[in-house]
Structure formats: structure tokens, C-alpha cells
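Scroll down for the structure; my scribbles are underneath it.
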Amino acid sequence: MAVFVALGAFLMTLAGGWTAQRVTDRRHLVLGLAGGLMLGVVGLDLLPEALHAADREVFGVPAALLLFVAGFLLAHLVERTLAARQAAHGGAEGHNHRAPEVGLTAAAAMVGHSAMDGVAIGAAFQVGGGMGTAVALAVIAHDFADGFNTFTLTSLYGNARRRAIGMLVADACAPLVGALSTAFFHIPEAVLGGYLGLFGGVLLYLAAAEILPEAHHEHPARSTLLCTVAGAAFIWLVVGLSGG
């Protein structure tokens, strides 16, 4: 049953990526929406779940928040390192040049997150059908945003379209693999919470430092801002409907 439900997540992820591809003539709106979706996922979905799962503290600070900050700094370090390496080899063309590896790394993190979604579906169905259905609805709803963001992130950093599609397909398949894996092993809740905190920091960095500035660089229109607000509001709606 969990794998069958994960098929819905598979289709929803592909739908999100397809939508991101079809609106390339409104790139600033796509980026604005992606930034809002990512902000909503981090603040309203990932962090609350991370704090609940990894509830221990380290020197007075929740471990999930420490990993959140570490994820933010890690994303910044990776991007600066790759950009500096390309500049040293004459590959940069100004300060706005982006290393394709950053996009692939971010998309790979999205794939890992989607796999954890599948694990969540499988684990919830082990608890009971009602719990499984609630978790599955939440996952399927926000996997549209995951597919949208995966394709957008990969493309934004200058990767070829085939790479973006490849990462999208991997992201769509990840919930199926995650749901199937729950028949063989179980991830401790504290480990899952730490991962969500770390991934949330990476995602927030990409949204705040890369996607949103790029969205408003050439088109500082109110429509772009409205798309960002709409993206965050959509995640709020999904979280609210799924009962958190």
C-alpha cells in the first residue's frame, strides 16, 4: 500500500517539473515562486519536523537548529569553493557566474529529501492506515513543489536540460525507493530530524542567496513578489490541510 501511494508522489513530482519547464518565458516568475515554495518548505515543514524529531540540545541549543545553521554555512562554503576554483581556471564571467556542480548538489539533496518522504510514508503505514493516509496526502501535495524546485535549481546553475530532466526523474523515483526500503530497515527518528535540519539550512541558503536575488535582478516587479508570497502560502495551506 505504501509503494502504491508513493506512485502518487512520483506523478506529482513530475507534474511540478513539467510546470517549471513550460513557463520558461516567465523565468522571473518561476524563480519567484520557487523561492517562496522553498521558504515555505523550510520554515513551515522541515524545521518544525526537525525540532520535533531531534529534540535533544547541545550546549543549550536544539541539535536540529545547530545542523540547520551548519547546512546554511555548508551550502555557502561549497558554492564559494566551486566558484573560486572555476575563477582560478578562467571559467568565471563576472560575479554572477554559477557553478553547475552547486545545482546538481542541491538537486541531489532534493532527491534525498524525497527518498525520506517515501520512508515517512512507509513508516506511517506501519503504524496504521489512518496515519499512513495523512502522511501520504501531505507528501503528495508538497512533492509538486519538490519537482518544481528540483528542475529549477538544476537549470538555474547552467546545467543542460537533459541533466535537469534526469534529476527530476530521480526525484520522482525517490519516494518509491524510500517507501520500498521501509520493508528492510528503519531510520532512527533523531537521525531523520538531524538530516531535515541540515537540509533545511541548505535549502534556505539557495532560496535567499541565489534564487530570490536572481528572480528580482532583471524583473523587480510586484508580480514576482506575489509569486514568492503565493509559494510560501501554498506550503502553509498544504501543512494546514495535512494537520501539520
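The values are calculated or read from the model by the stated rules, or taken from the named source; none is laboratory data. Because the structure is predicted, anything quoted here is derived from the model rather than measured. Counting neighbours? That spans all protein chains shown, and the Cβs are built from the backbone with ideal geometry, glycine included. Heads up: the accessible areas ignore ligands, DNA and RNA and are worked out on the full protein's heavy atoms, side chains in. Shrake-Rupley method; radii C 1.70, N 1.55, O 1.52, S 1.80 Å.
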In region 44-60, how many residues are buried (at least 18 other Cβ atoms within 10 Å of the Cβ) and not aliphatic (A, V, I, L, M)? 2
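Each row is one residue, and each column tells you yes or no for (1) part of a helix (DSSP H, G or I); (2) in contact (Cβ under 8 Å) with a residue 24 or more places away in the chain; (3) over 14 Å from the mean Cα position of the chain (by Cα).
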residue	(1), (2), (3)
MET38	yes, yes, no
VAL42	yes, yes, no
PRO48	yes, yes, yes
ALA64	yes, yes, yes
LEU67	yes, yes, yes
LEU74	yes, yes, yes
LEU77	yes, no, yes
ARG80	yes, no, yes
Out of the residues in region 9-28 that are at pLDDT below 85 and part of a helix (DSSP H, G or I), which is farthest from ALA120 (Cα to Cα)? ASP25
Can you spot a residue in region 120-143 that is open to solvent by 40 Å² or more (accessible area, probe 1.4 Å), modelled with pLDDT of 80 or more and in a helix (DSSP H, G or I)? no
Would you check if ALA164 is buried (at least 20 other Cβ atoms within 10 Å of the Cβ), within 24 Å of ARG22 (Cβ to Cβ), modelled with pLDDT of 90 or more and in contact with a Leu (Cβ under 7 Å, 6 or more places away or on another chain)? no
Selection count where residues are of a type in the set (D, E, K, R) and within 24 Å of ILE140 (Cα to Cα), scope region 35-64: 2
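At pLDDT 80 or above, buried (at least 17 other Cβ atoms within 10 Å of the Cβ) and not in a helix (DSSP H, G or I): is that true of ASN159 in this structure?
Details: at pLDDT 80 or above: yes; buried (at least 17 other Cβ atoms within 10 Å of the Cβ): yes; not in a helix (DSSP H, G or I): yes.
Yes: the conditions hold for ASN159.
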